[in-house]
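*Asks:* Please find one structure pasted underneath; my questions will follow.
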Amino acid sequence: MLSQFLFEPFGDTSVRHSLAAIVALAFSAGPIGVFLMLRRMSLVGDAMSHAILPGVAIGFLVAGLNVFAMTLGGLVAGLVIALLAGAVSRATTLQEDASLAVLLLLSLALGVVIVTLHGIDIEQLMTFLFGETAAKMNTDKLLVISGNATISLVALALIYRPLVLGCVDPGFLRSVSHSDGIAHLTFLALLVLNLINGFHALGTLLGVGIIIIPAGIARFWTRDISMMIVLAIGGALISGWAGILFAFHAGIPSGPAVTLIAGLLYIGSVLFGRVGGLVWRVFPGRHLEA
Amino acid sequence: MSELRFHNLTLGYERHPAVHHLSGTVASGAMVAVVGPNGAGKSTLFRGVVGAIKPLAGSIERDGRDAHEIAYLPQVADIDRTFPINVYDMVAMGLWRSKGPLGGIAGTDRHGIEEAIAAVGLTGFEERSIGTLSGGQMQRMLFARLLIQDARIIVLDEPFTAIDQRTTADLMNLVQRWHSERRTVLAALHDINLVKANFPDTLLLAREPVAWGATVDVLTPENLNKARLMCEAFDDSAEACAIREVA
């Protein structure tokens, strides 16, 4: 009975695709989420997820529900918005988050206009917004997601050191090197790449969840960044796997299913996490001798 | 031989000078205290020296060196103390100039890092996350990173402010060690006695240079009074400065 519940769904090729995609997504999105959190950019990530919409919509307009076209469109839109926001804030006195917020709203509005004018049926729209119903995924999506994830992991490894240094001591990084700008821009590009992955796997509204929530979970269990990344990947893997089962059995889209499971893990971590969890605050134990 | 040369240097913000018409040289291996009231332009001068701001007029020569080769301890380091990183990794960052973003850290490097941590008296703190350090321990850690940077020029912006006497004495020993290794040291300081006891040369700054030379000649009561009279506020209606750059 239990084994049927756990393993039967993966007899279906399209559900296996979903699982493979979630695994790839977990490995690339986990560390990106950790850096978003440590750079206090979690909400920027959330907002950026809307920025890719007009690009995706234009891809959809040109080629229908073609994964590659929508990926390309989303990539271009996300990068343009990220670069524009950065450029506006550097050239003027407007802060990056403010200029980003303005551009995102414009971008989202444009995306909705394009999608609506072109016409889209309700089932397509649901997939667009919340991911595949019952976690069934085609091969093209899996290819795109795993390809993006691979690029993301390799690039992150290359910029890891300046990225960490730019978070913890940006003044020092600037005093020894010019690489802070490049690292920041590369990071934004990787964010866009992972948002597109999240969009493909979990829909445009909730795709960012698997990037941000696992990082929030990890923060409650360790004070070490490497361990934090490992835990974020683990949290994303568990949420993804359990979320797919949930989506399959309940016949709901994968986006909300995965996000809710991640949410449960998050609540558990907020309560019981070894680092700053609520329970340990209420019952701190007796103080030590030295 | 001169390590740093200022030519009629003016540094500032939005056209207002914070360091006004400074000329002079810092010899290789010199140990110079920069003294002056708050707002005198000490930090601005240092930010100019390390290339963080561009001169409004005049120039800084660094003897052909890249500004990034100068080790710099800012007055208020913008360190995110909640960031999950430990003391060892933080000190290891001092290797950036030699390792860059991808270079591996070898056994000799690890030895150097451990030595630097021991030299600042933080042995046993390697695994501690930086958020748990006291103000003095934090400053010790940053000095360990400066040691690792192994720079020819070291610029310290008020390194002993809000630091207790014992820590100040320990860290001052490191500065003396740099001096004995013929490195060039510039340090902004408020403790006149500390300057007199340790620094052969002093630049007394009050936006304009008041005096620059041997510490005993510079830190006279008259000069210190002159520096104290400096006007702190920028004049928003000031005219463009009439002193032209000397070619």
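Only the coordinates and a few stated rules stand behind these numbers; no lab work does. Keep in mind it's a predicted model, so treat the numbers as computed, not measured. Heads up, the Cβs are rebuilt from the backbone with ideal geometry, glycines too, and the neighbour counts pull from every protein chain shown.
*Asks:* Nearest 500 deg cm²/dmol is fine: what mean residue ellipticity at 222 nm does the protein assembly as shown get from its DSSP H runs of n ≥ 4 alone, each adding -39,500 (n - 2.57), divided by its residue count?
*Replies:* Details: 23 runs with 313 residues, N = 537.
Roughly -18500 deg cm²/dmol at 222 nm, from the helical runs in the protein assembly as shown.
*Asks:* Additional query: Cα centroids of region A:151-185 and region B:94-112: how far apart, whole angstrom?
*Replies:* Measuring centre to centre over Cα atoms gives 16 Å.
*Asks:* Hey, for a label at A:Thr133 modelled as a point 7 Å past Cα toward Cβ, could you say which residues of region A:255-269 have their backbone N under 20 Å away?
*Replies:* Correct set: A:255-260.
*Asks:* Region B:139-247: which GluC sites (Glu not before Pro) are DSSP loop and have at most 13 other beta-carbon atoms within 10 angstrom? List each step's numbers first, then the result.
*Replies:* Numbers: sites: B:Glu181, B:Glu222, B:Glu232, B:Glu239, B:Glu245; in loops: B:Glu181, B:Glu232, B:Glu239, B:Glu245.
Of the GluC sites (Glu not before Pro), the ones in loops of region B:139-247 whose Cβ has at most 13 other Cβ atoms within 10 Å are B:Glu181, B:Glu232, B:Glu239, B:Glu245.
*Asks:* Just to check I understand the Karplus step: with θ = phi - 60° and J = 6.51 cos²θ - 1.76 cosθ + 1.60, what whole-Hz values come out for region B:70-87, glycine and proline as x?
*Replies:* In residue order, the calculated couplings are 8, 7, 9, 10, x, 4, 10, 5, 8, 8, 7, 6, 8, 5, x, 9, 9, 4 Hz.
*Asks:* Mind computing the radius of gyration and Dmax over the alpha-carbon atoms of the protein assembly as shown? Å is fine for both.
*Replies:* Just the Cα atoms of the protein assembly as shown yield Rg and Dmax of 28.2, 93 Å.
*Asks:* I've got another one for you. Which whole-number percent is the relative contact order of region A:96-214 (Cα, under 8 Å, 6+ apart)? Could the numbers behind the result be given before it?
*Replies:* On the way: 81 pairs, mean separation 38.0, N = 119.
Result for region A:96-214 is 32 percent.
*Asks:* HN-Hα J couplings of region A:254-261 from phi, Karplus 6.51/-1.76/1.60, θ = phi - 60°, integer Hz, Gly and Pro as x?
*Replies:* In residue order, the calculated couplings are 5, x, x, 4, 5, 5, 5, 4 Hz.
*Asks:* Contact order normalised by length for region A:178-290, with contacts defined as Cα pairs under 8 Å and 6 or more residues apart; what percent is it? Each step should come with its number before you reach the end.
*Replies:* Details: 123 pairs, mean separation 26.1, N = 113.
RCO, region A:178-290: 23 percent.
*Asks:* I want to verify a result. In a Gaussian network model of chain B, Cα cutoff 10 Å, which of these has the top mean-square fluctuation: B:Tyr72, B:Tyr88, B:Tyr13?
*Replies:* Highest fluctuation among the options: B:Tyr13.
*Asks:* Modelled label-to-label distance, B:Glu208 and B:Asn225, 7 Å Cα→beta-carbon offset: nm?
*Replies:* Taking the two extended label points, one gets 1.7 nm.
*Asks:* Place a point 7 Å from the Cα of A:His287 along the Cα-to-Cβ direction; which residues of region B:115-153 have their backbone N under 18 Å from it?
*Replies:* Once the point is set 7 Å along Cα→Cβ of A:His287, B:132-134 turn out to lie under 18 Å by backbone N, inside region B:115-153.
*Asks:* For region A:2-269, what does the equivalent ellipsoid look like in terms of its semi-axes, each the square root of 5 times an eigenvalue of the Cα gyration tensor, given largest first in whole Å? It would help to have the intermediate numbers written out before the result.
*Replies:* Working: eigenvalues 172, 115, 42 Å².
For region A:2-269, the semi-axes come out at 29, 24, 15 Å.
*Asks:* Would you mind pulling out the separation of the Cα centroids of region A:194-209 and region A:80-134, in Å?
*Replies:* Going from one Cα centre to the other spans 13 Å.
*Asks:* Compute the length gained on full extension between B:Asn38 and B:Arg65: take 0.36 nm times their separation in residues and subtract their Cα-Cα distance, giving the result in nm to one decimal. Write down the numbers at each step before the final one.
*Replies:* Values: separation 27, 0.36 × 27 = 9.72 nm, distance 2.96 nm.
Result: 6.8 nm gained on full extension.
*Asks:* Next up: Determine the sum of side-chain charges near B:Val185: Lys and Arg each +1, Asp and Glu each -1, restricted to other residues whose C-beta is under 11 angstrom from that of B:Val185.
*Replies:* That sum, taken over residues with Cβ under 11 Å, equals +1.
*Asks:* Using θ = phi - 60° and the Karplus relation 6.51 cos²θ - 1.76 cosθ + 1.60, list the HN-Hα couplings for region B:149-162 in order, rounded to whole Hz, with x at every Gly or Pro.
*Replies:* Whole-Hz 3J(HN,Hα) from phi for region B:149-162: 5, 6, 8, 6, 10, 10, 10, 10, 9, 6, x, 10, 6, 6.
*Asks:* Between beta-carbons, use under 11 Å as the cut-off and find the net charge around A:Gly147, counting Lys and Arg +1, Asp and Glu -1. Present the calculation step by step, with values, prior to reporting the outcome.
*Replies:* On the way: positive: A:Lys141; negative: A:Asp140.
Its environment carries a net charge of 0.
*Asks:* For chain B, modelled as a Gaussian network with Cα springs under 10 Å, which listed residue fluctuates most, B:Asp157, B:Asp236, B:Asp80?
*Replies:* B:Asp236
*Asks:* Computed FRET efficiency, Cβ-Cβ of B:Arg128 and B:Val76, R0 22 Å: what is it to the nearest 0.05? List each step's numbers first, then the result.
*Replies:* On the way: r = 22 Å, r/R0 = 0.99.
Between B:Arg128 and B:Val76 the formula returns 0.50.
*Asks:* Next question. Would you mind counting up the charge near B:Ile85? Only other residues with Cβ under 13 Å from its Cβ, with Lys and Arg at +1 and Asp and Glu at -1.
*Replies:* Values: positive: A:Arg161, A:Arg223, B:Arg81, B:Arg128, B:Arg145; negative: A:Asp169, A:Asp224, B:Asp80, B:Asp89, B:Glu126, B:Glu127.
Value of the local net charge: -1.
*Asks:* For the Cα atoms of chain B, what angle does the longest principal axis make with the long axis of helix B:107-119, in degrees from 0 to 90, nearest 10?
*Replies:* Relative to chain B, helix B:107-119 is tipped by roughly 60 degrees.
*Asks:* Return a whole-number percent for the relative contact order of chain A, with Cα pairs under 8 Å and 6 or more residues apart as the contact set. Please list the in-between numbers first.
*Replies:* Numbers: 463 pairs, mean separation 76.6, N = 290.
Averaging sequence separation for qualifying contacts and normalising by length gives 26 percent for chain A.
*Asks:* Now, a different point. According to a simple spin-label model (label point 7 Å from Cα along Cα-to-Cβ), what is the distance in nm between A:Leu185 and B:Asp235?
*Replies:* Here the answer is 4.3 nm between the modelled labels.
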